[in-house]
1. Going by amide H atoms built from the backbone, whose H comes under 5 Å of the H on L616, apart from near neighbours?
2. Take the residue pairs K178/K624; K67/K363; K60/K298; K363/K546; K72/K436; K111/K579 and return only those whose Cα atoms are more than 31 Å apart.
3. Would you mind computing, in nm to one decimal, how far apart the modelled labels at R418 and S176 are, each placed 7 Å from Cα along Cα→Cβ?
4. Going by Cα centres, the stretch 99-152 and the stretch 307-332 are how many Å apart?
5. Which of the pairs K521/K671; K493/K540; K521/K572 have their Cα atoms more than 21 Å apart in this structure?
6. At most 15 other Cβ atoms within 10 Å and a DSSP loop assignment: could you name the chymotrypsin sites (Phe, Trp or Tyr not before Pro) in the stretch 271-331 that fit?
7. What does the extension gain come out to for A447 and K298, with contour length at 0.36 nm per residue minus their alpha carbon separation?
8. Evaluate the distance, in nm, between pseudo-label points positioned 7 Å from the Cα of D543 and of V201 along their respective Cα→Cβ axes.
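Just so it is clear, none of the values below were taken in a lab; they were calculated from the coordinates. Note that this is a predicted model, so its numbers are computed, not measured. No Cβ is skipped: glycine too gets one built from the backbone with ideal geometry, and neighbour counts run over all protein chains shown.
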Amino acid sequence: MTVRFRPLTSLLVCAFLAGLVAPTAVFASQAAPVKNPFRPPAAPLVTHDPYFSIWSMADKLTDDWPKHWTGKNHALCAMVRIDGKPFRLMGTGPARVPAAAQTELSVTPTKTTYIYKQSGVDLALEFLSPQVATDLDLLGRPVTYVAITARSADGKPHSVSAYFDASSEIVVDDTSQKVVWSRLRLADIETLSIGSQDQRVLDKIGDDRRIDWGYMYLAVPNQAGAVTRLASDSECRGTFVREGWLPARDDFRMPRPVRDRYPVAAAAFDFGGVEAETSRRLMLAYDDQFSIEYFYRKLRPYWRRNGAEAADLLETAAKEYSAVRERCAAFDAELRADFVKAGGEKFADLAVLSYRQSLAAHKLAADYDGTPLFFPKENFSNGCISTVDVIYPEAPMYILMNPALMRGLIIPVLEYARGPEWKFPFAPHDVGTYPKANGQVYGGGAASEENQMPVEESGNMLLIMAALVRAEGKADFALEYWPLLERWANYLKEKGFDPENQLCTDDFAGHLAHNANLSIKAILGLRAYADLCERTGNQKEADLFKNTAAEYAAAWVKRADDGDHYRLAFDKPGTWSQKYNLVWDKILGYNLFPPEVARKEIAWYKTVQKTYGLPLDNRREYTKLDWILWTAAIADSPEDFAAFLDPVHRWMNETPDRVPLTDWYWTHTGKVTGFRARPVVGGVLVKMLADPAIRAKWAPAWAPAK
């Protein structure tokens, strides 16, 4: 039985669709130049989940092949012929074909657009990934629309044709793997499909991995002047360069390894004589069929939860393109405007990239009853899935944008923690290695206590739960897991104020005892539990934990004081660290710590920051991007916030490492220390959550402090 999607509010897959009737004024609709133009370290092209994630890691789209965030080629190629002469729009091949002159790059929360001027023609190449976080059905659809648009720039008609292909590299982990391909006949859509021969569904785990199951599609609605082919990259691209068209027939010499003549799915379009603006559209999509193994059950992607198949996805996405594009344009304009209101144009630049990247590092799946579950991958740090100290820094974005996503992030952690395997009195670090959420693997897993993060993860979960309850305006979700929350609060009451020698989220810095910033988290975690008690009618318990938190906060001010700043560790005079956990005191309105604490820290930080930002602490010159923005958010004035943002914006423009945003880099050189493309950069949006006016708009159910 074929199950259809609901209009607009339910969409999704991984394929290429083309030829829809396009809205006009692509060039006129380009945003005016930003006052502080920026160069993304990497530009997002296709951004849906940890596997379907393709980026341009160069200044110009023709300087290199697009890549998966891990750095492996996921080649996409685009070319045009203008009056019989070929030019490249994307990719480095064919090498003999000159690159069109790229003049502009713009990135919004859902779209990346490249503008070119060549031989009397204006050209645009647009990638639209409908990542509207407020709509799960739209967010869960793994479809990127690609548009190629042309218009005459000199008042004369020009003959224009366009080419686009996607490589079979996208469907394998390694190019030695064999692939197969075929055509899927739909009523009004020519559809090409490529997938691995072996289809080892959810077989491989780990960090530096790419998907090797499911199918990629290139689909083109029936139209005049369009053709599709499945053949080698050299055959498809070479024929277009020579003839302006594609090979006469598909190449079905398969299965074969990807590196054997690199099979591609290709489309070509004849625009005819171009004067006014004319467009052709494609959609890139991927149907992984099964997305996550969750406690040994295979979960479907969210868009498939009601039985939809690839054909449903493609047909619905084609039909709804115009409505989706209009909705994304409105969403982009509104969100960018609020980014600017919160922190200025430079903040908006950073927030747009962070928003795109954070969403792309998750998979939205459906539990057996349809419950949305949102699984983050700890990209290029260890490959863990549903890591609590990854969820914690990204939480502000999801609490603000969609509490249902925040629930989806923590349900797997909560379910694991109350299961039979987890026997510790504190919260777990993770739920497995992506894409298998079958139990903690970090630090020896549930069998070892040595490398756990007891205070860190327990404080994280209590603070997240308190903020989620505020955002939803009700506490029913917390009550479902109350025994866990109570256990973690009691653990923090006993162990949290003066933490023993243990790891925190900044585990790359090693174990540390008497960690002052970790103590702040524990204290605020206790106050968060008191808040939850109060909102669930347990006033006696609320008063007890509220008083404990207040006593600890007063003691902290004395123990951590080091004159003109506060210490890294209680027992280490002459040290300092970012006290980024203080931001929850401001967001949740607890006011446990005197305002002088934040003011003194902010004044100190301005004296020790480097060219590209504020170091994490006095031990090394590296920093964490998310924590700089959390620290900046505790500042009282826009000027102080800008003092910490400006070096970060400079770093984005000047870092020599062209990768999706790293959150761990050297503040004196701007070079990447280790991480990239991680979901934690969603924490950049903490400035939005900390702004009462913006919070009231995006999280209207937010409950006031008690």
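1. Y622, T623, K624
2. K178/K624; K60/K298; K363/K546; K111/K579
3. Those two pseudo-labels are separated by 4.7 nm.
4. Computed from Cα coordinates, the inter-centre distance equals 15 Å.
5. Flagged as over cut-off: K521/K671.
6. Y296
7. Length gained between A447 and K298: 51.2 nm.
8. Those two pseudo-labels are separated by 5.7 nm.
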